Amino acid sequence: MNFIKTLLALSALLAVAVAVCPHFPNTSQKDIGCDACTYVIKWAESEIPANATISDIENVLDKACGILPKGVLRDECNHIMNKEIHKIAQDIYNKLSPDQICKDIDLCKDSDFTAREVFRALARTLEGV
């Protein structure tokens, strides 16, 4: 129990330290997950025939992650697609933009600063140490 309390306290301190550090990465930059998502959605939109049904869109989305390089990025894409395919297909059908679709499935964000961004930035900062 003390370990968890110590870990939480350390995490909070590191988050505050990183937030005030002048070398803190620009949190307004899109991360690779967002970029990959918009890329995949744009590709899928280009492959969807005119007057497509939801089912037609889902068939294209089933293949969409295959355009990414093999590895973690494609695996993560497939995982997300399996979970969110119906929502993504509906959003494409409703003519939402790729950016909005990726925001709807939490891969892209508005400019709001979140705790997740703090910890991602901390991880990127610590990689260089």
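Computed from the coordinates by the stated procedures, all read-outs in this text should not be read as laboratory data. Since we're looking at a predicted model, the values are computed, not measured. Here Cβ is always computed from backbone atoms with ideal geometry, including for glycine, and neighbour counts include all displayed protein chains.
Below is a table of values for the structure above.
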{"item": "Student exercise, region 32-98 dipole from Lys, Arg, Asp, Glu Cβ charges, in Debye to nearest 20", "result": "60"}
{"item": "³J(HN,Hα) computed for each position of region 55-65 - Karplus, 6.51 cos²θ - 1.76 cosθ + 1.60, integer Hz, glycine/proline x", "result": "4, 4, 5, 4, 4, 5, 4, 4, 9, 4, 5"}
{"item": "Per-residue ³J(HN,Hα) for region 91-98, Karplus 6.51 cos²θ - 1.76 cosθ + 1.60, θ = phi - 60°, Hz, x for Gly and Pro", "result": "5, 5, 4, 7, 6, 6, 6, x"}
{"item": "Label-point gap, in nm, between Y39 and K70 - each point 7 angstrom along Cα→Cβ", "result": "1.7"}
{"item": "Modelled FRET efficiency - R0 22 Å, D104 with N78, Cβ distances, 0.05 increments", "result": "0.75"}
